[in-house]
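Asker: What follows is a single structure, and I will ask about it in a moment.
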């Protein structure tokens, strides 16, 4: 047994203990609370004066998929829609990105294909440490990535191919979802008759998971593109997450009214502004989104932003009006819920994976707060 | 006329005291206790922090955009363009649009992007204003050079020199040598060489963008025959105190952006090797600019906090983004400190932003204008 003793424990369940212990057996949390009993043989980590929190969950990144120089494995820009491909095959588990994540207290990252294509491929949730990608992966897929706006327009429009406009982007998504409907209708009509079965299509199979509401669309969108996402989700009665969400402060009512919106993954900030979709970078919106009951998370988009800026951005949420513990939820339990992995990670509760970050100082409040130990599956994966 | 009462006044040089600050027009009139002027607008700042406006020593604000294309920051038709002057590229709408003053940043060095061996000449601008002319603090403040892989990528892809670091340094040394040997008649006919005259004379600093220790080493070797050049290393991710100590010349440093990880350079920085430099004079300047254009309004403060987390004090962080860049850019008689006679560029924060994320910017004055109150200039972008 491992005991993290006498820390100030933020559990991300609504309870923060001024002083408490976290008991870990193998790779799971078995108890958290005050004055817990444990055997003399337990290994002790003294967390006196330290801030103990769930391992941080980054709800949107590209860790291990962009190498040095121009090498990359997350944008398969050969076709505007590639629903049949999977980010999990792009992830280099030996990348420095994961070391930086561990140093920052990030224990789980939701790794998505890039935004070059309208439909980019499947998204996986992976831990920051492990023996292999199979070992590190918590869940695959957690979503199907899509991208609206300037990115796919820039890639294909410049080649005189669709999409050259946002009209084209919306139609590509609708065409693909309709094709998947036809595919599954044919499948149903075939009723097991191999002769009548449509040929297997990995992309349509993945779109089927979306149509059955097994996974959400994870949609790169900002400003009014967010409304396109909601309109398509309503038309097909499918789930979606809105990622980046710059300009959300103009759309509180519409976002709150959606029955298909799983959550909002805001960020990154600290970027130069350009007219159009990159013109409003309104981190202050997360306070209001959260107040209105929407699941809200904050992302690094790593390696766009360095890993430790997951905490810095939560700090900016605090600066602009988000209560401190609500801001910490945005980089732990909210992110886990949006990715559908909250049965495993995102909070300190009995039964969850033993993923813990221990900070000197209070993260997202003290500017000097520093992660001093990161525990993944009950093992110390980083220590300062 | 404005009097800011009873705030913690940080002068930008390490001193903090409770005082009043009086502003008249676009200048700081007086700093002291119980200042009294008739008809002054009073701003109570008890328990608040009053800082000089932050200065980002190097930026592309005002010269990138207004779309993903259309930039004016890189004249990549030729790897040697020392005669380019950023003042012909600076669009005040682009600068105003960034709203960096909402994070207390009131001035910035604006420089051509470092993708040429010699990229051109930078200038210093306020971050808010109604025309480039009104916003300009100084022109031709430094010559921008670069020896990073960013240069190799541009020209190597065209199979044009420089494809390698050898090519970069051959061009750099050749241009400086030619300029140093040029006759007056040559200079009159050659604007490139003419642009390098103040660099060789030491009156215009040479900012050399570099990343790793090997690049820094090569810069020191190449410039050893030019002792009169005032050398400033920018980016300088792999710099160490030992390398500065053994440089064989005076060296100034502008530390590059630590927030964007696509730049592999951020992994080169060893904070413990750099921190001793802050105890020396001149101390390094902290900037939020590297080989990219992503820096936003939060980025300069974040970079200061990156170093704060690794051991700098609040006041050292403040100096590194106020008085230190002002001195480096030769504009310390205008900005970078809270002193009577300087421009009224200052910000009032609810708490100390170098200590807590709860600190909010309450007011910011740029050239005496209370920008949050007036709503600021409406950029046409």
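The numbers here are math on the coordinates, done by the rules we state, and not lab data. All of these numbers come straight from a predicted model, not from anything done at the bench. With ideal geometry, Cβ positions are generated from the backbone for all residues, glycine too; neighbour counts draw on all protein chains shown.
Asker: Principal axis extents for segment B:1-145, Cα atoms only, whole Å, descending order, please.
Answerer: 59, 28, 22 Å, listed from the longest principal axis down.
Asker: I've got another one for you. What distance in nm separates the two pseudo spin-label positions at residue B:272 and residue B:85, each 7 Å out from Cα along the beta-carbon direction?
Answerer: Label at residue B:272, label at residue B:85, 4.9 nm between them.
Asker: Can you give the relative contact order of segment A:22-140 as a percent, counting alpha carbon pairs under 8 Å and 6+ residues apart?
Answerer: Worked out over segment A:22-140, it gives 24 percent.
Asker: Roughly speaking, what is the stretch gain from residue B:373 to residue B:78, that is 0.36 nm per residue apart minus the C-alpha to C-alpha distance, in nm to one decimal?
Answerer: 101.7 nm
Asker: Then there's this: What's the average, rounded to a whole number, of partner chain beta-carbon atoms within 10 Å of each residue's beta-carbon in A:264-273?
Answerer: Mean shielding by partner chains, rounded to a whole number: 6.
Asker: Let me confirm one metric for peptide A:310-317, namely the mean number of other chain beta-carbon atoms within 10 Å of its residues' beta-carbons.
Answerer: Mean inter-chain Cβ contacts per residue within 10 Å come to 3.
Asker: log10 I(q)/I(0), Debye, Cα-only chain A, no solvent, q = 0.06, 0.08 Å⁻¹?
Answerer: Rounded to two decimals, the profile gives -0.23, -0.41.
Asker: How far is the Cα center of segment A:205-222 from the Cα center of segment A:55-89, in Å?
Answerer: Going from one Cα centre to the other spans 17 Å.
Asker: With chain B treated as a Gaussian network of Cα nodes joined by springs under 10 Å, which of B:183, B:134, B:363 yields the largest mean-square fluctuation?
Answerer: It is B:183.
Asker: Still on this structure, I have one more. Mind sorting B:33, A:103 by how few other Cβ atoms lie within 10 Å of their own Cβ, fewest first?
Answerer: B:33, A:103
Asker: What's the extension gain from residue A:291 to residue A:231 if we count 0.36 nm per residue and subtract their Cα-Cα distance?
Answerer: Residue separation times 0.36 nm, minus the Cα-Cα distance, leaves 19.3 nm.
Asker: What Rg and what Dmax come out for segment A:87-164 when only alpha-carbon atoms are used, in angstroms?
Answerer: 15.0, 44
Asker: Run the numbers on segment A:73-175 and let me know its relative contact order in percent, using alpha-carbon pairs under 8 Å that are six or more apart.
Answerer: In percent, rounded to a whole number, it is 26.
Asker: Which order, highest average first, do A:43-55, A:337-349, B:34-46, A:300-312 follow once you tally other Cβ atoms within 10 Å for each residue and take the mean per peptide?
Answerer: Averaged packing, sorted descending, gives the order A:300-312, A:337-349, A:43-55, B:34-46.
Asker: Okay, moving on. Using every pair of alpha-carbon atoms in segment A:43-129, split the distances into 10 Å bins beginning at 0 and state the percent of pairs per bin, rounded to integers.
Answerer: 17, 42, 25, 10, 5, 1
Asker: Let me ask something else. What percentages, rounded to whole numbers, describe P(r) for segment B:280-371 computed over all alpha carbon pairs with 10 Å bin width beginning at zero?
Answerer: 15, 44, 37, 4
Asker: Could you give the angle, 0 to 90 degrees to the nearest 10, between helix A:202-211's Cα long axis and the longest principal axis of the Cα atoms of chain A?
Answerer: Compared with the principal axis, the helix lies near 70 degrees.
Asker: Pairs of Cα atoms under 8 Å, at least six residues apart: use those to get the relative contact order of segment B:168-283, whole percent.
Answerer: 21 percent
Asker: Direction-averaged shadow area of the convex hull around the Cα atoms of chain B, nm²?
Answerer: Over every viewing direction, the Cα hull of chain B projects on average to 18.4 nm².
Asker: Taking the simple approach of a point 7 Å from Cα along Cα-to-Cβ for both residue A:13 and residue A:383, what is their distance in nm?
Answerer: With each label placed 7 Å out from Cα toward Cβ, I get 2.7 nm.
Asker: Normalised radius of gyration for the protein assembly as shown, please: alpha carbon Rg relative to 2.2 N^0.38 Å, two decimal places.
Answerer: 0.99
Asker: Once both labels are modelled 7 Å past Cα along the beta-carbon direction, what's the residue A:189-residue B:242 spacing in nm?
Answerer: Modelled inter-label distance: 7.5 nm.
Asker: Residue B:280 to residue B:217: extension gain in nm, 0.36 nm per residue of separation minus the Cα-Cα distance?
Answerer: Additional length available on full extension: 20.6 nm.
Asker: Related question: Take every residue in peptide B:261-268, count the Cβ atoms of other chains within 10 Å of its Cβ, and give the average of those counts.
Answerer: 5
Asker: I need A:290, A:201, A:366 ordered by Cβ neighbour count within 10 Å, fewest first.
Answerer: By the 10 Å Cβ count, ascending: A:201, A:366, A:290.
Asker: Between segment B:70-99 and segment A:238-294, what's the alpha-carbon centroid distance in Å?
Answerer: 32 Å
Asker: Ok, one more. To the nearest 0.05, how large is the calculated FRET efficiency for residue A:179 and residue B:170 if R₀ is 51 Å and r is the Cβ-Cβ distance?
Answerer: The pair residue A:179/residue B:170 has a calculated efficiency of 0.35.
Asker: Quickly rank B:219-226, B:260-267 as a protection proxy: mean count of other C-beta atoms within 10 Å, highest first.
Answerer: Packing order, densest peptide first, comes out as B:260-267, B:219-226.
Asker: In addition: How far is helix B:213-223 tilted off the main Cα axis of chain B, in degrees rounded to 10, range 0 to 90?
Answerer: Tilt relative to chain B: about 70 degrees.
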